[in-house]
Amino acid sequence: MKKDYDLIVFDLDGTLMDTSPGIFATANATRKEMGLPEEHEFAQLKKFVGPPLKDCFRLTYGMEDDSELERAVSIYRTIYGEDGKFRAKMYPGIKELLKTLVARGYTCAVGTMKYEPVAREMMQYFGLAPYFSAMRGSDADGKLNKAMVIDKVCRELGIPNRRTVLVGDTLHDFAGAMGAGVDFIAVRYGFGFDEKSTLSRGIKALLDKPLDLLEILDNGDSMEKNEKMVVVTEKAPSAIGPYSQAVSAGPFVMTSGQIPLHPETGKMATGIEEQTTQALHNLQAVLEAAGSNLSKVVKTTVFLADMDDFAAMNGVYAQFFGEGILPARSAVQVAKLPKAALVEIEAIALR
């Protein structure tokens, strides 16, 4: 039987193992040691799974100070290394799945945002290490993103990205797969996707349980025909609430409002001109992730905190939409924008 993939890379948290008991307990223990309030809402704690550790503390607890984040990461790693990592539970069927995949000639690997030495120790402790030809995770400085980790796995094993698929449970995993140029299979039993999830370009299938992967690989089942698809990219600020960066439906792409946060640093641009520039760069990145671009935009809505900024915003806007058929546009003043931004821009575009 012809195989679509030679390498199957597995995320760890929420894909191979339910690590939430140790992660959530360690995150709150970190906050307690720092003299800060804990979080007990499950929906909020779920945000702690997937991103790099600094982003986890930002998203879950609203921490922004860099020195405070550095301290939180250090404390977290110490506590998790001593106790949290051993609270994980393997999902039913994982060991059988890995044993079968290896027997069928697939190369299996781990690609996780968990600190690499901890990930390796966990795979050894829970008896999964023998099934993996490579195990890669985040670095001590937190400079690696998911796409970089996947690239490291492919390079180490000498297997092309185009012959690789990532199996993961969050939109962060999906964005990493897209960034690395590999296919993605999402699992519903983890932290990020559920039975109501709609899929995006590049997501090949949804798994309700680990052993479903064998049938997917055998039959080449794909969910790409789904007409309503989520759009995700690491090149624009992540969706941190119950919404998507964009959704494509039929011939259209509809984006969420883009505010002027830099996607890599999470910092807000300053001044209306810089903020408009960054918001439009974010909008462009989301559209490109959907297979569209600014030239295909048919309608924009510009939200301003102060209509007196309209002329300055409009001057920058014209640099992005200055030729061809100009999109329809609405511009409105609002009482307040997220994170006290001066401008937010959304769009509808053709795919």
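Readers should treat all values here as calculations from the given coordinates under stated rules, not as data from a laboratory. It should be emphasised that the depicted structure is a prediction, and the values quoted were computed from it without experimental measurement. When we count neighbours, we look across all protein chains shown, and the Cβ atoms used for this are built from the backbone with ideal geometry, even at glycine.
Convert each backbone phi in segment 78-84 into a coupling constant with the Karplus relation 6.51 cos²θ - 1.76 cosθ + 1.60 (shift: θ = phi - 60°), then list the ³J(HN,Hα) values in order as whole Hz, x for Gly and Pro.
5, 5, 5, x, 7, 9, x
Can you classify segment 1-85 as rounded, prolate or oblate using the Cα gyration tensor, where a ≥ b ≥ c are the square roots of its eigenvalues, rounded means a/c under 1.5, and otherwise it's prolate if a/b beats b/c and oblate if not?
Prolate is the answer for segment 1-85, as a/c is 1.5 or above and a/b outweighs b/c.
Shape verdict for segment 261-301, please, from the Cα gyration tensor: rounded (a/c under 1.5), prolate (a/b greater than b/c) or oblate.
Verdict is oblate for segment 261-301.
Which of G322, G14, G81 moves most in a GNM of the chain, Cα contacts under 10 Å?
Greatest mean-square fluctuation among the candidates belongs to G322.
Quick check on the chain: take the gyration tensor over C-alpha atoms, sort the square-rooted eigenvalues as a ≥ b ≥ c, and tell me if it's rounded (a/c under 1.5), prolate or oblate.
Oblate is the answer for the chain, as a/c is 1.5 or above yet b/c matches or exceeds a/b.
With angles folded into 0 to 90 degrees, how steeply does helix 272-289 sit against the dominant principal axis of the chain? Use alpha carbons for both and round to 10.
That helix lies at roughly 50 degrees to the long axis.
Just want the ordering: D212, D169, from fewest to most Cβ atoms lying within 10 Å of their own Cβ. Provide the component values of the computation, followed by the final result.
Working: D212 19, D169 24.
Result, fewest neighbours first: D212, D169.
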